[in-house]
């Protein structure tokens, strides 16, 4: 048997804030536990049936006292609320310079791909000190990408993209768990995050077989699936041009506008009838069931590459 | 009790247990007391079935590789454990057993408002339980008690439909029970029993009944839609059919979070009866405790999204749900402080129900305080779906609700059975349950912050020591739960006969013989004072 661990190791920028809030919570709840336990213990002994303790001047209620023990805990709670909320918003809003990594969960493995091309299964190699945004998708049921050492977790939900981000702070090997129950081998859907020295990371990147980048693979799918027939770059096709689409505002049928982020592009491909662009005929077919989540993410990455320099929040 | 009252008589009167005999007289009874006993027998059976699943799970977790059962079996074990314990034990436990037995007695009525409906509730419960047990025997269900889609509708090859049908049917038993209680409390109170003279147990059951009536139908809807999608491929939740998997989570938790309050509100009600009785004092802040039950029931409907902070729901929704979750904690905190203040200057005796009440306050306080961790958005991101959550809700639902249920069973046992239980064994069981519980579940808080996900059949080796501690605690806990089963059954035949009011308690239920006659009271009692007038009672005795 191993030694008895009491506290997890920590290797991300957001982890520090989460742990500090945790210590605050431990402090507050420890204080109130000890207060209540002590009072019960003291009263139970002092006022036991046979004790001669003074029981004169009984009180049946005391409004100021009751207000105090409602309002003081409430004040302490509001600190937890604002502190927790501000960290939570940080957890979902990746810095502008974060690099994307695409993650697809499927029963019972994690498939990851870097935009430069390298693919990994149940492993992720990242350099220390650089922010990464994970774009999560699921091929089947709900999974959850959980790295305890980073204090981050996000469900991968079929039919949509979700994101989380991290910036690793120390080199090492950390657990990756699937945290949302996903069937028989849920507890085997685990892996490792390797946080590397930047130089080691460069070696690792160049060491693998030279694969094509995600955008290049996406471009291949784009022509294979016939997308290029309508989405002509100079806007003369039957569909809108996709150059400069990513990060722009799109006018939809019915006067709505949509912000063209990863989720929007995904939705346009999978449920085009819901996201019809104004002034174009409703002729785009759905690709639901036709392409895999990985192919989809490559196409999204290709479309994003048509607007280099755009860097937006999902 | 060392102070046997002077009015102790040996009751050989006619009462609800000896009024008639034979299986028909039980299965066709409309007497709320007999129906309570039917529930008691059936949920006790379900409790030990659910407990057996838990024992097997804990044994499997002794080793990191989980060598005892296969992953498939393990997944079925935790699913069946959760489903049976929640829907077929905890939800009906205090309301359907203790509530059914004591509500009419506490308000001076002959029965509940709709006695036949009450019996129908039990038959619905039994039918639902039959479906659940069939599902277990036929091969089990592996979806987790949460039935998350699209796993439950498109990927699980187990008996999801029959299990969902069982939960669906049992839900109607809850709805009818809730309806019965609300009408009974509104219309059948004895003369002089105004709302502010109601025992707090009734306030808490009233609040619980409101949740039963308003929340359970939403669960029924969710399960029905789940069935439609699984059976006929109607695309509601599965994205490959055009559905939305997160919609299911909203519908499911809209009921299933209030369901937590269904478990804990009646428990709070029991504690509010026991503490004044064994402190010989009026309860501190009666109205605040009563209103806080109602506040919990109402705000409890608005916090379901705190189960979904990492699910992909809007982060702004997360903000609202976090805030409301902090709000709902306040009425619970008030109750804990008020119970503690009730002890101040009391005359405290350590009878078994009081020991369970002390245990309840301790464990519920820890369960409640760890809830604050889960309401803190960023901390929840780390600990949700880990053992931290498992520990938290067991502190509330087992440490809280089951402790109070056992405390209530002991408190009203003399009234129910007409016999006294062996006090020494009972005190020992309270202690064993408390110690076993903490050893089982406290290590799980640490496991959770370390990052061990829940519902794992195997786990990394560094988590083993804490898991072994937890399993050791579970075996102690099992002994603690078996003890009352043995000595309470023993006492039904061999226990000393109980007087009408063994605890010198103030409630109306203690003013009729033990066990009560079939129609509860010879004459309808008239209420002239507030509840918990223990000070007046003590003065009269001096």
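Give the separation of the Cα centroids, the stretch B:392-438 to the stretch A:120-139, in Å.
So the two Cα centres are separated by 50 Å.
Give the angle, between 0 and 90 degrees and rounded to the nearest 10, that separates the Cα long axis of helix B:352-375 from the longest principal axis of the Cα atoms of chain B.
The two axes meet at around 30 degrees.
Report, to the nearest 10°, how far helix A:293-305 tilts away from the longest principal axis of the Cα atoms in chain A, using its own Cα long axis and a range of 0 to 90°.
70
With a point put 7 Å past each Cα toward its Cβ, work out how far residue A:41 is from residue A:63 in nm, to one decimal.
Those two pseudo-labels are separated by 3.6 nm.
How big, in percent, is the set of alpha carbon pairs in the stretch B:31-541 lying more than 33 Å apart?
Of the Cα pairs, 37 percent sit more than 33 Å apart.
Tell me, A:35, B:83 in order of fewest to most beta-carbon neighbours within 10 Å?
A:35, B:83
Counting each DSSP H run of 4 or more residues in chain B as -39500 (n - 2.57), what helix-only mean residue ellipticity at 222 nm follows after dividing by all residues, to the nearest 500 deg cm²/dmol?
Calculated at 222 nm, the ellipticity per residue is -21500 deg cm²/dmol.
Please report the orientation-averaged projected area of the stretch A:99-207, defined via the convex hull of its C-alpha atoms, in nm².
6.0
If you take each beta carbon of peptide A:143-152 and count the beta carbons of other chains within 10 angstrom, what is the mean?
Across the residues of A:143-152, the mean count of other-chain Cβ atoms within 10 Å is 4.
Shape call for the stretch A:214-305 from the C-alpha gyration tensor, a ≥ b ≥ c root eigenvalues: rounded (a/c under 1.5), prolate (a/b greater than b/c) or oblate?
Judged from the Cα gyration tensor, the stretch A:214-305 comes out rounded (a/c under 1.5).
Roughly how many Å is it from the Cα centre of the stretch B:79-142 to that of the stretch A:149-224, as a whole number?
47
Quick one: if you take sqrt(5λ) for each eigenvalue of the C-alpha gyration tensor of the protein assembly as shown, what semi-axes come out, biggest first, whole angstrom?
Values for the protein assembly as shown, descending: 55, 28, 24 Å.
When you count, for each residue, the other Cβ atoms within 10 Å and take the mean per peptide, how do B:153-162, B:393-402 rank with the highest first?
B:393-402, B:153-162
Quote the relative contact order of chain B in percent (integer), defining contacts as alpha-carbon pairs under 8 Å separated by 6+ residues.
19
Quantify how strongly other chains surround peptide A:187-197 by giving the mean number of their Cβ atoms within 10 Å of each of its Cβ atoms.
Mean inter-chain Cβ contacts per residue within 10 Å come to 2.
What is the angle, in °, between the Cα long axis of helix B:245-279 and the longest principal axis of the Cα atoms in chain B? Nearest 10 is fine, range 0 to 90.
30
Can you work out D for the stretch B:361-482 in µm² s⁻¹ from Stokes-Einstein, where Rh is the Kirkwood radius over C-alpha pairs, the temperature is 4 °C and the viscosity is 1.567 mPa s?
84
Just the number, please: Stokes-Einstein D of chain A in µm²/s, Kirkwood Rh from C-alpha pairs, 20 °C, 1.002 mPa s.
The Stokes-Einstein estimate is 92 µm²/s.
Based on the mean of other beta carbon atoms within 10 Å per residue, what is the order of A:156-168, B:370-382, most packed first?
My ranking of the peptides, most packed first, is B:370-382, A:156-168.
Percent of Cα-Cα pairs per 5 Å bin, from 0 to the last occupied bin, for the stretch A:88-161, please list those.
All Cα pairs, binned at 5 Å, distribute as 3, 15, 25, 30, 19, 7, 1 percent.
Can you put B:87, A:259 in order of Cβ neighbours within 10 angstrom, beginning with the fewest?
So the ranking, lowest neighbour count to highest, is A:259, B:87.
Quantify how strongly other chains surround peptide A:56-68 by giving the mean number of their Cβ atoms within 10 Å of each of its Cβ atoms.
The per-residue average across the peptide is 4.
How high is the relative contact order of the stretch A:56-159, given as a whole-number percent (alpha carbon pairs under 8 Å, six or more residues apart)?
21
What is the packing order of peptides A:12-21, A:135-144, taking the mean over residues of other C-beta atoms within 10 Å and listing the highest first?
A:135-144, A:12-21
Sorting B:470, A:263 on the 10 Å Cβ count, fewest up front, what's the list?
A:263, B:470
Using the Cα gyration tensor of the stretch B:303-365, with a ≥ b ≥ c the square roots of its eigenvalues, what is the shape: rounded (a/c below 1.5), prolate (a/b larger than b/c) or oblate (neither)?
Prolate shape, in that a/c is at least 1.5 and a/b is the bigger ratio.
Could you tell me which of rounded, prolate or oblate describes the stretch B:416-542, using a ≥ b ≥ c as the square roots of the eigenvalues of the alpha-carbon gyration tensor, with rounded for a/c under 1.5 and, failing that, prolate when a/b is larger than b/c and oblate otherwise?
Prolate, because a/c is 1.5 or more and a/b exceeds b/c.
Output the Cα-based Rg and Dmax of the stretch B:285-416 in Å, rounding Rg to one decimal and Dmax to a whole number.
16.8, 53
Each value in this text was obtained by applying a stated rule to the coordinates, not by laboratory testing. Since the structure is predicted, the reported quantities are computational estimates derived from the model, not experimental observations. Note that we place each Cβ from the backbone using ideal geometry, even for glycine, and neighbour counts take in every protein chain shown.
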